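**Q** Below are the structure tokens for one structure; questions will follow.
The values are calculated or read from the model by the stated rules, or taken from the named source; none is laboratory data. This one's a predicted model, so the numbers in the text were calculated from it and none came from an experiment. Please note: Cβ atoms are built from the backbone with ideal geometry, for glycine as well, and neighbour counts cover all protein chains shown. SASA here: full protein model, heavy atoms, side chains in, ligands and nucleic acids out. Shrake-Rupley method; radii C 1.70, N 1.55, O 1.52, S 1.80 Å.
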Amino acid sequence: MRSSEYYLTPTVGQAAVHFGPFLKMLRHRHGVRQVHILAHLPGWTQANYSRVETNEIAPAFDQLAPLYRALRLAGVELTPRDRQQFLTLARLRIEVKKTCRELKTDQEWDALRLELSRTNQDPHDRQSPATPLGYHASTPRLLETRHLLGREDWLSSVITSLHGSLPKKLVVLQGPIGIGKSSELHRLAVHFLSAEPPRPQVLFCELAAVERGNDPESALDLFLGTLLAELGPLDDAIQVAAREERINAALGCLEKGARPLLLLLDNAEHLLDERGSFASCWGQFLAKFLRCQHRTTLVLATKDWPGWFEGERLFLAERTIPPLSAEEGATLLQLLGLASVPLEYLRQVSEETGGIPLCLEWVASLVQEPMWLDRWDDSDDPDERASSGDDALTRRLLRLLDDTALFGGPLAARLTPLLERLMEKRLSAEAFQVLCTLALTALPLSKPALQVVCPRPSLLNELRSASLLAAYSQRTQVLPMVAAVVRSRLSAEQRHQGEERLTEAYRRWLHEGKAGEREMGAIVAELAVLSLKHQRFLDAAELLIPYGWMSYNLGYGPRLARLASEVMHQCDWGLTGEGECGGLLLSSVLTPFLGNSVDAEKQAADFQRMLALAAQGRVALQPATEMHPIHLLMVYHMNSRHFEEAQAVLEAGTARLEPYRQSQVEVHASLLAHRGMLLAKWSNDLEEQGSMVRVPSMREEVIALYRQCCTFLSTCSEASPLKSHLLKKRLSAYLNSLGYHLTRNGRAPEALAPLEQSIELGEEGYCNYGALAAAYGDKSQALMELGRLEEALLFDEKAMTEALRSAESGDALSQDEVWVYRVNRGRLYLRLGRLDEAEQLLREAEPRIHPRRSVYRLFAREAPTEIKRRRSPTAHEQEADRSS
């Protein structure tokens, strides 16, 4: 019997409760047709796929992974929530089949969940043939481990350390380059996924290779982001919270886990600073991790490990990955094509290379292709090479054994000369230039980007034939250790030229729409990094202002903020108008990630000067960029109740941006929305003062403005996926504002539709931090006005949960907002007749409402009059009369 803890229950308010309609909803969400999905599902017919969508038939279990990949390849951006719902509804549909029932074990569903999770994490997802209907394939694909040999006793000792009455919380697998650390992590994953119940949940997290630069803080940010995305609530507020709060949130998820968790972390060299000691941020995390009560084991794979002496060593196991024995190394060489070479020589090679599997693979390659060394004494005569007989292979191997420079010293010293020879002797000048550029990129590149850095595909074939590229089918990247050697050889001028080519490549890739959602965020971050390194601050700001949220959600915010701060401290960025504007904009965008407060008065003065420079033509700003200081200046004046000044800022900005209103729909919509925001705040202030003459007309204009914004964006056809993501995010915000103001103006029946659309977009990820809680809360208030009080309670609970989750992350703005939702709850309780609870909530919230949310203070102040009226004897008599 399966334990109920393995089921994922659909959340309330989801758009689809059956698997087929859920697939259809995903397609419609991204404008994908069935034919687009079928292009990645060979063997399927449209009739069969349509029957799956209409829920007439259920897919086979073995078709789920190909179907999930086909959705992604067709353009459906799948969030962690989508993945959970995909698995939940698929399991429900498969297990209720009346014929050909498939009752898969929890183990098999766990393996599938892990595979889909890794598919979402991997930006270079490999396309593979799908399973046709009626064909039963093997179990879901995981990374291959059957070729691994040796180390059985060592592996058993590692597994033993994870069991027992006091299982280890932290297991460190240490070994040099090429020893097989990643392979052993995958072997552990496969072992536990195939173990007998009770088995742990398995989560694999792969950090970037440390050769790309050791930045422990950024690595921890990405690691925590992965944990929270996979195990915790989907909450954008965590991206701007203090690191300690994010650590506490991640550990809280582990403590609440219903099942044991095996957490596998590759490339864990990022825990250490440049001196090889623990970075303080990782030390803080590990100390808390070891002391907290949870059922998680963290397994680290790392080249370097200084030893842990900070306490709680009872929960720690440090394991050095052993090299292959002489016999095991010889067996591996035989499998690699050297079976005809005498066994004694193969054992000798294994010993000479220290039993490092990667070195053995290089040896096997060199023996079978000696021209790679580009030395006449290491090559055969053409006739001898053509024969490639047993004697020839043995002679080549013996010559390699005599090369002490190749096999002596540590692994890095053994590999570097070989890599240098390949790069200097094997490659053409053009291929080497391509290699130099690819060595600078942090991302596996797709075709649009490659076309910029590589003039001909044949140059990539040169690199691939020399085994310098990673084995991705749809993306291209240089092997990390090769890239490290290449970068060390580049001059400052070569590096600069390569980074300029990469900038152009990233831009083309980003705007041609060939990148996935996670790739978009990573490209935005890398483009910003290159702009910052080259001190192009305005370029960085004009990228991050509209699109930075995509990279912040991936954990890049703190890294970008630190880099910007470092570079700006190294130069006088205020010498030119462009540099000053870029620096000020970057500071306003990235300061929250550094945990620093903003001087609102100084920022307002700076932005006033910036807009003056733009008006004088002394600096050219993109329209989306110019809207940023306009917005913050308006907010500054409105918070001070200087609405005429805010109106003047908006009118001046509207005049400057008039030429763009017809050609750029987002500019037009943004200007209308800012006028709506101004009138809404202004009317609230007039109401607080008791001056109601202009209020009704102002609020009707607010509704008309937001409705116009929503119409523009919902009917806009945008070819660029990048711009489409931005417009959906803004549409979600404007729909929420429209719904709120319709309810506020007594038109609750009209408010439900836009609020529901806003919630749908927000749950798909198209929203700013805190916006989903606001949408839930505003829908609750609309339902309350309609008398649908049970539904109102449900959405009030969802809003409060989201708001508290944000506040508990440490974000000050969210902590202020919690009192807004307490006012909403108090008003709802008042409508329900729960007068004592309503009174207490409103009394506690009223003095804590932030000035920018003064309308809620007005709500709280109005409530006591209603409570007093409801408690009066007259009210009781009227209630009794109605009852009789």
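**Q** Rounded to the nearest 0.05, what FRET efficiency is calculated for residue 834 and residue 569 with R0 set to 41 Å and r the Cβ-Cβ distance?
**A** That gives a FRET efficiency of 0.15.
**Q** I'd like the carbon and sulfur percentage of the solvent accessible area for region 717-848, probe radius 1.4 Å, heavy atoms only, ligands and nucleic acids excluded.
**A** Reported share for carbon and sulfur atoms: 47 percent.
**Q** So, with a 1.4 angstrom probe, what is the percent of accessible area on region 490-649 that is carbon and sulfur?
**A** After summing per-atom areas, the C and S share lands at 47 percent.
**Q** How high is the FRET efficiency between residue 54 and residue 79 when r is their beta carbon distance and R₀ equals 30 Å, given to the nearest 0.05?
**A** Between residue 54 and residue 79 the formula returns 0.80.
**Q** Ok, one more. Could you work out how much longer the chain between residue 47 and residue 664 gets when fully extended? Use 0.36 nm per residue separation minus the Cα distance between them, nm to one decimal.
**A** 218.0 nm
**Q** Quickly work out the residue 869-to-residue 294 label distance, labels modelled 7 Å from Cα along the C-beta direction, and quote it in nm with one decimal.
**A** Each label point lies 7 Å from its Cα, and together they span 5.2 nm.
**Q** While we're on this one: Residue 500 to residue 562: FRET efficiency via 1/(1 + (r/R0)^6), r the Cβ-Cβ distance, R0 22 Å, to the nearest 0.05?
**A** With a Förster radius of 22 Å, E is 0.40.
**Q** Contour minus end-to-end for residue 720 and residue 245, with contour as 0.36 nm per residue of separation and end-to-end as the Cα-Cα distance?
**A** Between residue 720 and residue 245, full extension yields 167.4 nm more.
**Q** Which of the peptides 437-449, 691-703, 744-756 is most tightly packed, and how do the rest follow, going by the mean number of other Cβ atoms within 10 Å of each residue?
**A** 437-449, 744-756, 691-703
**Q** Determine the dipole magnitude for region 249-348: charges of +1 sit on the beta-carbon of Lys and Arg, -1 on that of Asp and Glu, nothing else is charged, the reference point is the Cα centre, and the result goes in debye to the nearest 20.
**A** Charge dipole of region 249-348: 480 debye, to the nearest 20.
**Q** Can you give me the % of accessible surface on region 242-329 that is carbon or sulfur? Probe 1.4 Å, all protein chains present, nothing else counted.
**A** On region 242-329, the fraction of accessible area on carbon and sulfur atoms equals 48 percent.
**Q** Stretched out fully, how many nm does the piece from residue 17 to residue 687 gain, at 0.36 nm a residue minus the Cα gap?
**A** 236.8 nm
**Q** Return the distance in nm (one decimal) between the two label points of a simple spin-label model at residue 334 and residue 35, each offset 7 Å from Cα along Cα→Cβ.
**A** Inter-label distance under the simple model: 5.6 nm.
**Q** So, for region 508-603, what is the accessible surface per residue at a probe of 1.4 Å, expressed in square angstrom?
**A** 40
**Q** Excluding ligands, DNA and RNA, what is the solvent-accessible area per residue of region 706-847 at a probe of 1.4 Å, expressed in Å²?
**A** Value returned for region 706-847: 40 Å² of accessible area per residue.
**Q** So, in nm, how far is label residue 642 from label residue 365 when the simple model puts each one 7 Å beyond its Cα toward the Cβ?
**A** According to this spin-label approximation, the distance is 6.6 nm.
**Q** Taking the highest mean first, how do the peptides 294-300, 452-458, 87-93 order by number of other beta carbon atoms within 10 angstrom per residue?
**A** In decreasing order of mean packing, 294-300, 452-458, 87-93 become 294-300, 87-93, 452-458.
**Q** Zone of residue 612 (label point 7 Å along Cα→Cβ, backbone N under 15 Å): which residues in region 624-663?
**A** Under 15 Å, as judged by backbone N against the label point of residue 612, lie 649 of region 624-663.
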